[in-house]
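Structure, as structure tokens:
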Amino acid sequence: MGVYIHKRCDVMANPKRSAIPESVKKKRALSVRKHAAGPDRRKIKVSLKDLPKARGNVGARNPRVLAIRQLLILHPDYPIQSLQDRPLKYLMMEAFKIKSDAAYQAMFDPKSGSPLYQGLLHATRKLARSRPRLHRGFLPILELDPGGKTGANPPYCAGRVLTGSLSTKIHNKTFEFMNQTDTRNNGLEFNDPQQGCLANCWLIAALSSVAWAETNGYPRKLARTPAALQIPPSDKWPTKKPIATSQAFWLDQSGDAYYARLNPKRPQEEKYEIWVPYYEKCFASFINHQTSDQWDPNNPSPVYNNLNYGSTAWALTNITATPYNLTNTLNYFDPAGGADNIAGMIEVMRSNINPNGGLPTNNGDMLVANRPAVADSYLSDNPKIPGCVPAIANQAKYNNGNPVAYNCPGLAANHSFSILGLYKENNTMYVILRNPWASYANSADFSPELQGCLAKGVNKLQAFAGTAKIPDTGAEGIFGLDSLTFMRYFQTFYWVT
């Protein structure tokens with residue numbers, strides 16, 4: 001499989017392996033002093049001006065997968081199909097002993113304590129040691145998060161390692177591995193990926209964005225066949241050995257995939273595709289290599305836990321072997337309280353996700369992204385903490401005075417979304433997004449304050465989706481958010497250059 005590996009750009013990279021040739025440095029749109037090589041690299045202070053909010057601790061686990069895993073541990077005899085058909089709210093209330101609507105809503109913001117973000121405090125502390133000016137401001141909010149204080153992953157989503165056997169017992173329950181011998185890939189569509197038990201939306205959203213851009217003319221970066229079952233490293237990568245892996249993936253006792261999987265709403269003929277879990281497994285191996293001097297490049301059984309909480313920018317640049325750029329939405333607010341530069345933000349997005357395309361001019365028109373692009377929501381809605389929603393985004397003039405609140409599965413905090421394009425409806429510009437949970441984009445999945453900010457129909461999407469079948473955009477995590485609301489709820493958006 002052809003995943004192209006460039007230098008890791010988040011703080012978990014081993015400084016001894018981080019040298020980057022001058023030719024690559026010159027291509028990067030962000031000239032950041034992090035390119036220094038050797039043992040002195042960790043001593044270099046990273047300026048916020050140089051690296052504006054490119055967080056390395058983005059992640060929110062798929063709530064449905066978490067709830068089902070927890071219930072299967074609590075009740076081994078539950079038929080998994082009956083769980084999959086139940087509404088998310090009731091699954092989570094039963095699995096996590098939630099007693100009220102308010103407690104359910106609190107699950108989508110780290111400030112309240114939530115299994116979606118368990119381990120986030122631990123991940124942020126690691127980053128803060130290396131990039132204190134960038135990340136230490138996040139710690140106060142996370143210190144209040146009982147779901148993150150342990151620094152561990154949820155026991156029902158613990159890291160799995162494939163040993164010599166194809167089955168083992170965990171929590172006194174039998175878990176098995178699937179070795180997918182039928183390797184047919186019936187296409188490779190942007191709405192295939194669905195995030196599993198890991199807090200790696202940053203990777204799954206990037207994979208979906210690359211697949212979408214390829215549909216619309218971007219040079220192919222994702223391999224279509226798993227023949228080699230390895231990642232050929234970039235010529236700039238320190239080791240020349242490919243990363244080997246296998247087609248053995250974690251299943252639970254009910255035959256359901258444990259980590260990334262294919263979107264179950266996709267048509268049945270796609271059931272043999274393995275590209276989504278395969279790429280996730282390859283990147284787990286890659287990060288294992290970056291964080292361990294004892295890593296064996298031929299070991300087909302990586303530990304997945306290092307995929308929890310990461311950098312959207314790192315995912316984009318390593319999938320595409322292309323430099324990335326980014327902008328912060330904060331740049332487009334008027335600090336004096338006057339007219340915000342929403343048009344300027346949309347123009348920056350347009351000129352970078354589809355440089356040769358024009359903005360939609362008629363209602364119902366769409367400009368599709370033909371470069372991979374991803375957006376990250378803020379860490380939390382607490383305006384008092386650096387890195388969270390700024391006070392300027394909560395002015396009384398916005399949305400009838402309703403402040404930014406991450407309190408629904410449609411738009412969770414600290415979460416990555418694929419950017420599919422720009423869409424015009426009722427003379428308003430919308431940003432079309434895809435949730436890597438591959439669901440929760442119908443109106444009912446958003447708070448009442450957000451429901452009026454959604455596009456009613458994305459009429460042009462199907463025409464630009466290639467062979468992808470999209471029976472229900474909302475049920476597959478695809479939605480349109482008006483540009484002002486996007487500017488308030490999302491901290492940063494990224495694109496490959």
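Nothing in this text is a laboratory measurement; each read-out follows from the coordinates by a stated rule. Just so it is clear, the structure is predicted and the values come from calculations on it, not from any experiment. As a convention, Cβ positions derive from the backbone with ideal geometry for all residues, glycine included, and neighbour counts pool all protein chains shown.
Sorting ARG160, ARG488 from the fewest to the most surrounding beta carbons within 10 angstrom yields ARG160, ARG488. Express in whole angstrom the spacing between the alpha-carbon centres of region 339-374 and region 306-329. Each part's Cα centre sits 20 Å from the other's. With both labels modelled 7 Å from their Cα along Cα-to-Cβ, the GLN395 to GLN462 distance reads 4.1 nm. Over every Cα atom in region 324-496, the radius of gyration and the widest Cα-Cα span, Dmax, amount to 15.1, 48 Å. Comparing Cα centroids, region 68-137 and region 385-435 end up 21 angstrom apart.
Output the peptides 123-129, 99-105, 441-447, 279-285 sorted from most to least packed, where packing is the average of other Cβ atoms within 10 Å over each peptide's residues. Present the calculation step by step, with values, prior to reporting the outcome.
On the way: 123-129: 20.0, 99-105: 13.1, 441-447: 18.4, 279-285: 25.1.
Result, highest mean first: 279-285, 123-129, 441-447, 99-105.
Using a Förster distance of 45 Å, how high is the FRET efficiency between ALA321 and ASN426, based on the Cβ-Cβ distance and rounded to 0.05? All intermediate terms of the calculation are to be shown ahead of the outcome.
Values: r = 40 Å, r/R0 = 0.89.
Efficiency, from the Cβ-Cβ distance: 0.65.
Direction-averaged projected area, Cα convex hull, region 396-469: 5.8 nm², rounded to one decimal.
Each peptide in 333-341, 403-411, 415-423 was scored by the mean count of other Cβ atoms within 10 Å over its residues; highest first, the order is 415-423, 403-411, 333-341.
Under the criterion of Cα pairs below 8 Å and six or more residues apart, the relative contact order for region 324-496 equals 30 percent.
With one equal scatterer per alpha carbon and no solvent term, the Debye-computed log10 I(q)/I(0) for region 456-497 at 0.14, 0.18, 0.28, 0.30 1/Å reads -0.47, -0.73, -1.01, -1.03.
Exposure proxy ranking for TRP250, TRP275, based on other Cβ atoms within 10 angstrom of each Cβ and starting from the fewest, stands as TRP250, TRP275.
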